[in-house]
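K.L.:
Here it is, the structure, as structure tokens.
The values are calculated or read from the model by the stated rules, or taken from the named source; none is laboratory data. The structure presented is a predicted model; accordingly, all values stated were derived computationally and were not measured. Ideal geometry is used to build each Cβ from the backbone, glycine not excepted, and the neighbour counts take in all protein chains shown.
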Amino acid sequence: MPWKRGKIKFDDGSVYPAELLVKEDGEVWNVKVLKDNKVIEEIDAQHFANKLKKDVSSVYPFTYEITE
């Protein structure tokens with residue numbers, strides 16, 4: 001499964017660069033969200049939102065777009 005570059009858009013409208021792990025059928029298995037050119041690890045929803053300095057309800061749900 002290749003990692004593809006793209007972007008992720010959270011429910012609050014914020015957009016971040018991302019790397020998406022994509023299966024052959026196009027299903028996304030994992031996402032690495034980038035901020036300040038660094039990967040933010042997703043441990044759990046609350047922890048992830050806190051790393052972005054956002055409330056959980058403002059980052060979930062999200063959409064994504066593969067650009068590469």
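K.L.:
Quick check on this structure: which one of Glu41, Glu68, Glu27 is loosely packed, with under 11 Cβ neighbours inside 10 Å, within 10 Å of the chain's Cα centre (by Cα) and at pLDDT below 85? Please lay out each step first, then the result.
P.N.:
Details: Glu68 fails: within 10 Å of the chain's Cα centre (by Cα); Glu27 fails: within 10 Å of the chain's Cα centre (by Cα).
Just one listed residue meets the conditions, Glu41.
K.L.:
Could you grab the pairs with beta carbons closer than 7 Å, sequence gap of 6+ or different chains, first residue in the stretch 52-68 and without any contact (Cβ under 8 Å) to a residue 40 or more places away in the chain, second one polar (S, T, N, Q) and outside any loop (DSSP other than H, G, I, E, B)?
P.N.:
Note: pairs meeting the criteria are Val56/Gln46.
K.L.:
Please work out if Lys9 is modelled with pLDDT of 85 or more and not in a strand (DSSP E or B).
P.N.:
no
K.L.:
Quick one: count up the residues across the stretch 1-33 that are out of contact with any Phe, Trp or Tyr (no Cβ under 8 Å at 6 or more places or on another chain) and within 16 Å of Ala49 (Cβ to Cβ).
P.N.:
Result for the stretch 1-33: 4.
K.L.:
Let me ask something additional. Condition first: assigned to a loop (DSSP other than H, G, I, E, B), closer than 16 Å to Ser14 by Cα and at pLDDT below 75. Now tell me which residues in the stretch 44-65 satisfy that.
P.N.:
Matches in the stretch 44-65: Tyr60, Pro61.
K.L.:
Under 8 Å by Cβ, and 6 or more places apart or on different chains, what pairs join a residue from the stretch 1-12 that is in contact (Cβ under 8 Å) with a residue 24 or more places away in the chain and acidic (Asp, Glu) with one that is assigned to a loop (DSSP other than H, G, I, E, B) and surrounded by 15 or more Cβ atoms within 10 Å (Cβ to Cβ)?
P.N.:
Asp12/Lys54
K.L.:
Give the residues of the stretch 13-26 that are part of a loop (DSSP other than H, G, I, E, B) and either touching a residue at least 60 places away in the same chain (Cβ under 8 Å) or not charged (D, E, K, R) (or both), sorted by residue number.
P.N.:
The answer is Gly13, Ser14, Gly26.
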